[in-house]
Amino acid sequence: MIKRAFGLALVLFIGYNFAIQVLEPKFYIPQNQQQENLIKVQEYLLNPAVKPNVVVGSSVSTRLDMNILPNDFFNLSFRGKSVFDGLELIKRSGKKPEHIYIETNMLHKEIDAAFVDSGIENNMNVVKQYLPALHEKHQLINTLTYVAFAALDYVKPSLTAQLVKKIGQKVEDKQLSPNQVQEQVAVLLAEAAKKYPSTESVTGKANIKLVSLQTGMPENLYVSQQMAELKTYVDYFTNHQAQVIFFEIPQEASTSLSPERLQIREALKKAFPESSYTYFPLPAGDYFKTTDGTHLDEKSSELYSWLFVNEVNNIDPLQDRRIPVKLTVAE
Amino acid sequence: MLWACDVGLLLITGLQIYVNMLFNSLNFVFLVFVTMLLYYATALKRYQVVILILASFCFYATSQPILLLLLLVSIVINAVTSYFIQWGAQNKRRLIAAAGVIANLGILAFFKYSPLFASTVFSGSNDNLSNFLLTIPLPVGISFYTFQGISLVLDTYKEDKRESIVPKGFMEHFRNTIFFISFFPQLVAGPIVKAYDFIPQIAVKTLKDINWEYCFRCLVVGYFLKMVVADNLKDQTFWIAYPYFERYASITLIVMLLGYSMQIFADFAGYSLIALGVAGLFGYRLMDNFNFPYISRSFSEFWRRWHISLSSFLKEYLYVPLGGNRKGAFRTYLNLMIVMFLGGLWHGAAWSYAVWGTFHGVALALERFLGSKIKLPDTGLIRFVQMVLVFSFVTLAWLLFKLPDFSYAVLYFKALFTNWHIAPGSLGYAIMGYTILYSLPVVLYHLHYLYAQKLTVAFVIRKTEVALYAVMLFMLAVNSGTANEFIYFQF
């Protein structure tokens, strides 16, 4: 009985590996936050190709629309984690990106060392490179879900695309020239100015409570320690010829203008003076709407992603061709 | 002997680098594999027990090396007291037994309940004593190995069982005691093995003694329950934490709570099955710890099916000595509540666990009272309703395990009724969908037990058994959740 069970399991496993190769799932729907994070880690570590641009951040940055960001970007932001997790992963992976975009919204959060270790020091990583069935994204349930959505796609194509986009995965390429990006930004800003009254949903209230529970007013010493840690990473990457760029994603005023956020913003500018480091400007919060006080909704994510690409264009040699867009920086 | 010690030391130093050795880690598989190689090596046959002891110390030391000393202290206390109960002055047996039990309970109280004592008595104070008490570390598995120590002392004290468990030679007894208390498959989370069940099994084992099929079934089902069911459910029930749950619809909260009920079963029953399977690989048979508890039609039946080793321990060493049901109805109810209150506190040093235990104590007492007054007809519908009622109560009570802060548990309970105005949303639907999906194996596991006696079901199970185990193995490879500690490790 034991031999037959192992034999049959082996046949199933080989067959499943083969099925994945044939099926080549175009997207995956993570079952939970932890799995979504792990999939990102595996995609970054197991893929031998190095993306020259990497975004590191918290759940706030996971809302960046990967359909809008250029193809050479990898979003190494994790829900429920900090920027330090992404930075440590890049460092220990040995990959050398050219630009690292650091989100500054949640700098008070500490690294989850166990999470990073589980990604980097996984004994199975070598095996996983050869056996796709062992990849987190190819879990049997994920593959079955993919098959179900692929079938649904025949009935109602837009529904699947909408859902996948909402999860933050790439379903289409919206690669535009810098000029087109500028135009897109201008149109979306005009739209946003018209229709975003600030509201707080039930979810929003709960989330704001959560954020305040998690943060409170940090001790000055703690903030300086966080900045010192960030400095270690920034120095490491700049010594390895990478350019570091800081950006902050707009949030509701109650979060964005809270004393603890102002404290961290001030400490950041002190540790990394604007004269020596690149910062993307923080757009005025009035243009954006969040689902919970912290995370941008779909439309605002799209707007911010375009603004982000616009700023990316700004730091490359094509910057002269930009059409200036008037942005108000939040006080 | 020395050679075996060297190998053991090598194992200890080699494996200490790992912070945690979960049953579902490659490190653990490696430990079991290497230990088995040494254990069944013909040349080392005489040192089998020593090899298992060293492997057990190695297993324990990987999580908290310093607290290995405490384990050794506990072992010494129990070995010495049980030896003198058996072979010392007969007029002092009672005194020595009492001293042994008090020493065990003292260690447990100091390491497990000091923080609770400090936070209750010195609430808000910041003096040295309260700070010291609050920072005492909780040694992994202390509740389990302390109870095993008590079992050794009391079993020796009992006239009818002592002959078989304490040999005349102290060194042999000491070796047996170290092995009995530290045997790694059951060291950190049970099953709580009783001395008279385990010590008589100590003998030289050969590969022929292994019941491979039994071990295979225990290990596959155990790992499946833990890694595929419990570890996947934990990422859905994560949102029961405060204040996350406040944003979810009532229906989502209900499904998550049901999911947690399934998760805690899959986690603990899975762990126990793995322990049984691994012990079986070394030729030892541990007691079954779970017997399909969610089909129970009464609370007393539930406790005969859930964490059997603990409930039988509490019954044998606490409920019966307190008088059990021999001293009238009122004393029976009181004894039930005392036992369940203490059983609750055994789980964790927080008042919510005591409340959880008391809930069960009240339910047991009430059930006993009503059972003596009302006789219900034994129909299918009545049986089903009883099963649903017991399961619902048990599930609701698990909330205190997930939210040990009582105020949060109350808030969650309120939200179950007040969050109907919130729409589940896509995240809520996803949580519900995955929770139901991963709970299904537990439901089917229980249904299989309920209907296994029916001829057609038994026939189908027999015919598809190989395929079922193959699918479980396959799922272990391709659909395990992210590794996490066993819930009962914290106790």
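Can you confirm whether residue B:188 is within 14 Å of chain A (Cβ to nearest Cβ), surrounded by 19 or more Cβ atoms within 10 Å (Cβ to Cβ), aliphatic (A, V, I, L, M) and within 24 Å of the chain's Cα centre (by Cα)? No, not satisfied.
Just wondering, is there one or more residues in the range B:372-388 that are at pLDDT 90 or above and in contact with a helix residue (DSSP H, G or I) (Cβ under 9 Å, 6 or more places away or on another chain)? Taking every residue of the range B:372-388 in turn, at least one turns out to be at pLDDT 90 or above and in contact with a helix residue (DSSP H, G or I) (Cβ under 9 Å, 6 or more places away or on another chain).
Which is more than 14 Å from every other protein chain (Cβ to nearest Cβ), part of a helix (DSSP H, G or I), under 27 Å from residue A:131 (Cβ atoms) and open to solvent by less than 20 Å² (accessible area, probe 1.4 Å), of A:45, A:76, A:89? Selected residue: A:89, the only one of A:45, A:76, A:89 that is more than 14 Å from every other protein chain (Cβ to nearest Cβ), part of a helix (DSSP H, G or I), under 27 Å from residue A:131 (Cβ atoms) and open to solvent by less than 20 Å² (accessible area, probe 1.4 Å).
For the range B:346-381, a tally of residues being of a type in the set (A, V, I, L, M), in a helix (DSSP H, G or I) and in contact (Cβ under 8 Å) with a residue 60 or more places away in the chain returns 2. When the range A:139-165 is filtered for residues that are surrounded by 12 or more Cβ atoms within 10 Å (Cβ to Cβ) and not in a helix (DSSP H, G or I), only A:139 remains.
With respect to the conditions (1) touching a residue at least 24 places away in the same chain (Cβ under 8 Å); (2) open to solvent by less than 50 Å² (accessible area, probe 1.4 Å), residue B:402 falls short on a single one, namely (2). May I ask you to verify whether residue B:63 is assigned to a loop (DSSP other than H, G, I, E, B) and of a type in the set (Ser, Thr, Tyr)? So residue B:63 fits the description; yes. May I ask you to list the residues in the range A:120-138 that are farther than 22 Å from residue B:430 by Cβ, surrounded by 12 or more Cβ atoms within 10 Å (Cβ to Cβ) and acidic (Asp, Glu)? Matches in the range A:120-138: none.
Residue selection: residue B:199 satisfies the criterion of being of a type in the set (A, V, I, L, M, F, W, C), more than 12 Å from chain A (Cβ to nearest Cβ) and part of a helix (DSSP H, G or I). Condition check for residue B:282 on (1) buried (at least 17 other Cβ atoms within 10 Å of the Cβ); (2) within 20 Å of the chain's Cα centre (by Cα); (3) at pLDDT 90 or above: one failure, at (2).
Residue A:60 fulfils the conditions (1) within 25 Å of residue A:160 (Cβ to Cβ); (2) touching a residue at least 40 places away in the same chain (Cβ under 8 Å); (3) open to solvent by less than 40 Å² (accessible area, probe 1.4 Å) except for a single criterion, (1).
Look at the range A:1-25: where a residue is in contact (Cβ under 8 Å) with a residue 24 or more places away in the chain and more than 7 Å from chain B (Cβ to nearest Cβ) and a partner is surrounded by 16 or more Cβ atoms within 10 Å (Cβ to Cβ) and of a type in the set (Lys, Arg), sitting 6+ places away or on another chain with Cβ atoms under 8 Å, you get A:25/A:137. Within the span defined as the range B:204-217, every residue fails to be farther than 25 Å from residue A:5 by Cα, assigned to a helix (DSSP H, G or I) and not assigned by TED's automatic domain parsing to the domain that holds residue B:86. Of all residues in the range A:26-41 being facing another protein chain (nearest Cβ under 9 Å) and outside any helix (DSSP H, G or I), which is surrounded by the fewest Cβ atoms within 10 Å (Cβ to Cβ)? So the residue we want is A:29.
Matching residues to (1) over 30 Å from residue B:377 (Cβ atoms); (2) of a type outside the set (Val, Ile, Thr); (3) assigned to a helix (DSSP H, G or I):
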position	(1), (2), (3)
B:262	yes, yes, yes
B:265	no, yes, yes
B:270	yes, yes, yes
B:273	yes, yes, yes
B:287	yes, yes, no
B:290	no, yes, no
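Within the range A:219-240, residues that are of a type in the set (A, V, I, L, M, F, W, C) have Cβ atoms under 8 Å from residues that are exposed (fewer than 13 other Cβ atoms within 10 Å of the Cβ) in these pairs: A:227/A:270, counting only partners at least 6 apart in sequence or on another chain.
Give the residue, chosen from B:69, B:116, B:105, that is hydrophobic (A, V, I, L, M, F, W, C), surrounded by 17 or more Cβ atoms within 10 Å (Cβ to Cβ) and assigned to a helix (DSSP H, G or I).
Matching residue, one of B:69, B:116, B:105: B:116.
Residues in the range A:94-113 that are in a loop (DSSP other than H, G, I, E, B) and open to solvent by 40 Å² or more (accessible area, probe 1.4 Å): A:94, A:96, A:98, A:109, A:110, A:111, A:112.
The values are calculated or read from the model by the stated rules, or taken from the named source; none is laboratory data. Because the structure is a prediction, the values reported are computed rather than measured. Here Cβ is always computed from backbone atoms with ideal geometry, including for glycine, and neighbour counts include all displayed protein chains. To get the accessible areas, we keep the full protein, side chains included, count just its heavy atoms, and leave off ligands, DNA and RNA. Shrake-Rupley method; radii C 1.70, N 1.55, O 1.52, S 1.80 Å.
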